[in-house]
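For reference, the structure discussed in these notes is given below.
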Amino acid sequence: MTECSGCPKERLSRRAFLQLLLKGSVLALFGATIYPVARYLFPPRGADVSVSTVVAGTVGELAVNSAKIFRFGSQPGILVRTPQDELRAFSAVCTHLNCTVQFDRAASVINCACHNGKFDLNGQVISGPPPRALEAYRVNTRGDDIIVSKLA
Amino acid sequence: MARFTWLRDFLAERYPMRQLDELLHHKQIPLHRHTFWYYWGGMTLALIGIQIASGVLLLLYYRPSAAEAFESVRFIMTKVQFGWLVRSVHAWAANLVIFSAMVHLASTFFLRSYRPPRELTWVSGVLLFFVLLGFGFTGYLLPWNVLAFFATKVGTEIVGVVPGIGAMLQTFLRGGADVTDVTLTRFFWLHIAVLPLALAAVLGLHLLLVQLQGMSKPLKLREERTVPFFPNFLLRDFIAWALILGAVLAISVYQPATLGDKADPFAPTPAGIQPEWYFLWMFQTLKLFPGHILGIEGELIAIALTGLGGLALLLVPWLDRPARRGQAHWLVTLIGIAGCAYVAGMTIWALQSGGAH
């Protein structure tokens, strides 16, 4: 650092100023390159079909004490006809690690084969690692169609 | 050799050949009762070579999209001449390379080869191991079969549980909220572009460090016999490599890789779904952890512990203070054995409970 006698101490020297400019430019160039790359790595949000109501099936196709997987938007749902002949629907995505659950006819429970989680027919956890109940949906029938909709 | 003097002269006039020659020739391999373990690094390298070669061949017919991936692998397996062999070699060597890397990692751990001045060799080695696991994880999805689909769903869900950056990392890996066609493209991209670049860089550093510093000699070993690395030990390495190539080919012929059914995102997860064997211990741990521990989600604790374990593995050269002073402490050996026993025990448990389905 060269000190000039006349100028105040905090004044930037020509060298320091040019260095600051150069470093700043390099940093700006770096940022201007990295930022688009970082944004590029994340995909655009697809036209998310946020479905709130879906025809999950027909009453005729579902026997008592059985279930089927249906499409709820981009996610699988499970429609259960309980042994007491009630219709219930839940998200089929296990709350533990996202596997798709299935209906166990013999025990009349919903189970997840990945890590052996079990849910009762209200979607509540009976045993295993799932931390929460399955998300429940509302079920209505219109004629023979079974309509499943998200709870408000 | 005399026939190539013109080439040697040509090179020597232009490049620092004497230094390169020195780098190649200076390394001596100590001969003692633990010399056997020196072969495992070279073995892992040879298997990586097999993976690169067979992977490049598979690329000729593989199509990375959800609509075509499964069909293209089936095409390779059933229609392409020796396609079944190329894919089986790739699938089998993928498992063997992880196994070989595990043996290499464990042996360098128990022999304390990571002690100064070889800390960075260890760190680059552990990073290479993580890269290999990344290859395994991303490659597993590429055939787009049921098993791979759900294993990836669970695997990327685990990533999502990581506090803070988890959700972002998950979206990045899946390319959206779910495992879809986009995820397949990403895994393909990671598997054949990103990870190979990372592998080349870290492997280059790892090999350079080994070549510069030579082999670590186990503590308290008085034997002074050595053999030159080049060409003596390298020729022995070649024998091991020829044996492993033969073994991979033999296994592939007698137990060709299977394909299973095409992934269906709207089918329930079939029973007995399992990741590759080297992730089984983690899978079993997740299975055993209860939903909640002291109000915190169990899976979060399991994942945090695994993350800490990985970090500890990376920092072993600094955590093992006695080894820095040239002592092999019994506690370090015990921790190593406990770690191996845990992973082995959990893996066997998972295999048995998986076999029951």
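Values quoted throughout were computed directly from the atomic coordinates according to the rules given, and no laboratory measurement underlies them. Computed from a predicted model, the values in this text were never measured in an experiment. Don't worry about glycine lacking a Cβ; one is built from the backbone with ideal geometry, like all the others, and counts go over all protein chains shown.
As I understand it, the dipole of the stretch B:123-277 uses +1 on the Cβ of Lys and Arg and -1 on the Cβ of Asp and Glu, about the Cα centre. Which of B:Leu203, B:Ala267, B:Ser252 lies farthest toward its positive end?
Of the candidates, B:Leu203 comes out farthest on the positive side.
If every alpha-carbon in the protein assembly as shown counts as one equal scatterer, what log10 I(q)/I(0) does Debye give at q = 0.10, 0.11 1/Å?
These q points yield log10 I(q)/I(0) values of -0.96, -1.09.
Less than 14 Å Cβ to Cβ from B:Ala67, Lys/Arg counted +1 and Asp/Glu -1: what total charge do the surrounding residues give? Write down the numbers at each step before the final one.
Details: positive: B:Arg63, B:Arg74, B:Lys262; negative: B:Glu68, B:Glu71, B:Asp181, B:Asp264.
Within the 14 Å Cβ shell, the charges total -1.
Can you sort B:Phe188, B:Phe110, B:Phe238 from fewest to most other Cβ atoms within 10 Å of each residue's own Cβ?
Placing the least packed residue first, the sequence is B:Phe238, B:Phe110, B:Phe188.
Over what distance in Å are the Cα centres of the stretch B:189-243 and the stretch B:125-145 separated?
Taking the Cα centre of the stretch B:125-145 as reference, the centre of the stretch B:189-243 is 21 Å away.
Once you average over the residues of A:96-107, how many Cβ atoms of partner chains fall within 10 Å of each Cβ? Could the numbers behind the result be given before it?
Working: counts 9, 12, 12, 9, 10, 2, 5, 1, 1, 0, 0, 0.
Mean partner shielding for this stretch: 5.
Taking θ as phi - 60°, what are the ³J(HN,Hα) couplings along the stretch A:88-98 by the Karplus curve (6.51, -1.76, 1.60), each to the nearest whole Hz, with x for Gly and Pro?
Using θ = phi - 60°, the values come out as 9, 9, 9, 5, 8, 8, 4, 6, 6, 9, 6 Hz.
By count of other Cβ within 10 Å, fewest leading, how are B:Met43, B:Met346 ordered? Don't skip to the end; give the middle numbers.
Values: B:Met43 22, B:Met346 18.
Least to most surrounded, the residues fall as B:Met346, B:Met43.
Calculated FRET efficiency, B:Ala200 and A:Asp144, Cβ-Cβ r, R0 56 Å, to nearest 0.05?
Numbers: r = 61 Å, r/R0 = 1.09.
The formula returns an efficiency of 0.35 here.
Quick check on the exposure proxy: order B:Lys217, B:Lys153 from fewest to most C-beta atoms within 10 angstrom. Each step should come with its number before you reach the end.
Working: B:Lys217 17, B:Lys153 26.
Going from sparsest to densest Cβ surroundings: B:Lys217, B:Lys153.
Could you tell me which residue out of B:Gly175, B:Phe4, B:Ala312 lies farthest along the dipole of chain B toward its positive end? Charges go on the beta carbon: Lys and Arg +1, Asp and Glu -1, centred on the Cα centre.
Going by the Cα projections, it comes out as B:Phe4.
Report the net charge of residues surrounding B:Leu31, where surrounding means a beta-carbon distance below 15 angstrom and charges are Lys +1, Arg +1, Asp -1, Glu -1.
On the way: positive: B:Lys27, B:Arg33, B:Lys217, B:Arg222, B:Arg225, B:Arg236; negative: B:Glu223, B:Glu224, B:Asp237.
My count for the surroundings of B:Leu31 gives +3.
Please list, in order along the stretch B:131-147, the HN-Hα scalar couplings obtained from phi with the Karplus expression 6.51 cos²θ - 1.76 cosθ + 1.60 (θ = phi - 60°), rounded to whole Hz, x for Gly and Pro.
4, 4, 4, x, 4, x, 5, 6, x, 4, 6, 4, x, 6, 9, 3, 4
Do the sum for the protein assembly as shown: with -39,500 (n - 2.57) for every DSSP H run of n ≥ 4, divided by all residues, what is the mean residue ellipticity at 222 nm, to the nearest 500 deg cm²/dmol?
Working: 17 runs with 262 residues, N = 509.
The per-residue figure over the protein assembly as shown is -17000 deg cm²/dmol.
When Cβ neighbours within 10 Å are restricted to other protein chains, what is their mean count per residue of peptide A:126-136? Spell out each step's value before the answer.
Values: counts 0, 2, 3, 11, 4, 8, 3, 0, 0, 0, 0.
If you average over the peptide's residues, the count of other-chain Cβ atoms is 3.
Hey, with R₀ at 30 Å, roughly what FRET efficiency would A:Ala106 and B:Leu305 work out to, going by the Cβ-Cβ distance, to 0.05? Don't skip to the end; give the middle numbers.
Working: r = 36 Å, r/R0 = 1.19.
Efficiency, rounded to the nearest 0.05: 0.25.
Only four residue types carry charge here, +1 at the Cβ of Lys and Arg and -1 at the Cβ of Asp and Glu. Report the dipole size of chain A about the Cα centre in Debye, rounded to the nearest 20. Intermediate values should be presented prior to the final figure.
Values: 17 positive and 11 negative charges, 182 e Å.
Using only the charged Cβ atoms, the result is roughly 880 debye.
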